[in-house]
Amino acid sequence: MNANLVGIAIIDIVFFTLLVLTAVAIIRQRSLFAVAMLSGVFSLLSAGLFVTLDAMDVAFTEAAVGAGISTVLMLGTLALTDKDEMKRKRSALLPLLVCFVAGAALIYGTLDMPPFGAADNPVQTHVAPEYIERTPAEIGIPNIVAAVLASYRGFDTMGEVVVVFAALVGVLLMLGTTGRPSGKRKE
Amino acid sequence: MSELAIDLEFILGRYNYWLFSILMMTGLYITVSRGNLIKKIVGLNIFQTSVFMLYISLGKVTGGTAPILTGDPDTVYSNPLPHVLILTAIVVGIATTAVGLALVVRIKETYGTIEEDEILELEHDMDFGNGAPQGGSRA
């Protein structure tokens, strides 16, 4: 049991180290093309982490949407805007301080949380066992995540589709080719 | 000896949360300290992904497997509910990223730059510079 936990910890820490290295590279990199690629790498690494945490469906989605579509959108934006980031004049000391204080507060908050991976955590004992128990009889497909997403929580998923539609309409209204003079706007 | 064993258990039970907090703060730092709007959006994405990791690690059961039915009654499954929630959140996240990037493109067309400092300077000129309209640009 304990050896199992240590094994998971080692894999997690390897993935986490790679994630932090990617994030630091994003901080330091001034070429926006490299930043877009590194953000794709970050998404792919987090998909790997999701697999070790038993979340296959989330890993698939993160790899397809985070590493795929998101990178394509970034590259499209880069083609229409700048290639490099400007060096900033003001100091980054205050943001650093804010992040340290907020991070310390978050870590202090986790000290009271139930331990990672324990089967009797409050989050595991409420409604999740019911879904696992009822899915084979009521829905009849092996993937519980799909059953909850599409059937038990179908209305939530419809709400998600509405959000995506609203975002699509927003993007089209902002970037649509009709009704906007080509070239620079004159004020 | 027993003191040390308890401490190790305490750390193993919480290190995941600490790691994600550090990653989250890295994302926050990028968003706040960088002036480039595209880099700000990348920072927001990092922040968002580390929140996803926190949720997924809450649902993990040690010795459990992915919540796909095996037919064996003794199998322990991880909690499927955080997975469903985060699936929805990822898709909503990409939708908001797309809107953010579209805004960046429009800002570039209007101001000719995507650096926060230059945009603020331009806005200051519009309000108080030569030939500024009566009452400023936002009148």
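May I ask which residue of B:MET53, B:ILE114, B:TYR77 lies farthest towards the positive end of the charge dipole of the stretch B:20-139, with charges of +1 (Lys, Arg) and -1 (Asp, Glu) on Cβ and the Cα centre as origin?
Looking along the dipole axis, the top candidate is B:TYR77.
So how long is each side of chain A along the principal axes, counting just the alpha-carbon atoms, biggest first, in Å?
Each principal axis gives a Cα extent; for chain A these are 63, 42, 25 Å.
What three numbers, in Å, describe the spread of the alpha carbons of the protein assembly as shown along their principal axes, ordered from the longest?
76, 50, 33
Rounded to the nearest whole Å², what accessible area per residue is found for chain A with the 1.4 Å probe?
Result: 59 Å² per residue.
Would you kindly calculate the mean projected area, averaged across all directions, of the convex hull enclosing the Cα atoms of the stretch A:1-83, in square nanometres?
About 5.5 nm², averaged over all directions.
What do the square roots of 5 times the Cα gyration tensor eigenvalues come to for the stretch B:1-115, in whole Å, largest first, as semi-axes of the equivalent ellipsoid?
Semi-axes from the Cα gyration tensor: 38, 22, 6 Å.
Probe radius 1.4 Å, ligands and nucleic acids ignored: give me the carbon and sulfur share of the accessible area of the protein assembly as shown as a rounded percent.
On the protein assembly as shown, the fraction of accessible area on carbon and sulfur atoms equals 69 percent.
Order A:ASP12, A:ASP57 by their accessible area, 1.4 angstrom probe, all chains in place, largest first.
A:ASP57, A:ASP12
Pick out, from A:LEU106, A:VAL65, A:SER39, the residue whose Cα sits farthest towards the positive end of the charge dipole of the stretch A:1-133, with +1 on the Cβ of Lys and Arg and -1 on the Cβ of Asp and Glu.
Positive-most Cα among the choices belongs to A:SER39.
If I fit a long axis through the Cα atoms of helix B:37-59 and take the longest principal axis of the Cα atoms of chain B, what angle between them do I get, 0 to 90°, rounded to 10?
Compared with the principal axis, the helix lies near 20 degrees.
Please work out how much length the chain gains when fully extended from B:GLU109 to B:ASP74, using 0.36 nm per residue of separation minus the C-alpha to C-alpha distance, in nm with one decimal.
This chain segment gains 6.6 nm when fully extended.
Using only protein heavy atoms and a 1.4 Å probe, how much accessible area in total is buried between B and A, to the nearest 100 Å²?
Interface between B and A: roughly 8300 Å².
The values are calculated or read from the model by the stated rules, or taken from the named source; none is laboratory data. This is a predicted model, so every value here is computed, not measured. Cβ coordinates were reconstructed from backbone atoms using ideal geometry, including for glycine residues, and neighbour counts include every protein chain displayed. What goes into the accessible areas is simple: the full protein's heavy atoms, side chains included, and nothing from ligands, DNA or RNA. Shrake-Rupley method; radii C 1.70, N 1.55, O 1.52, S 1.80 Å.
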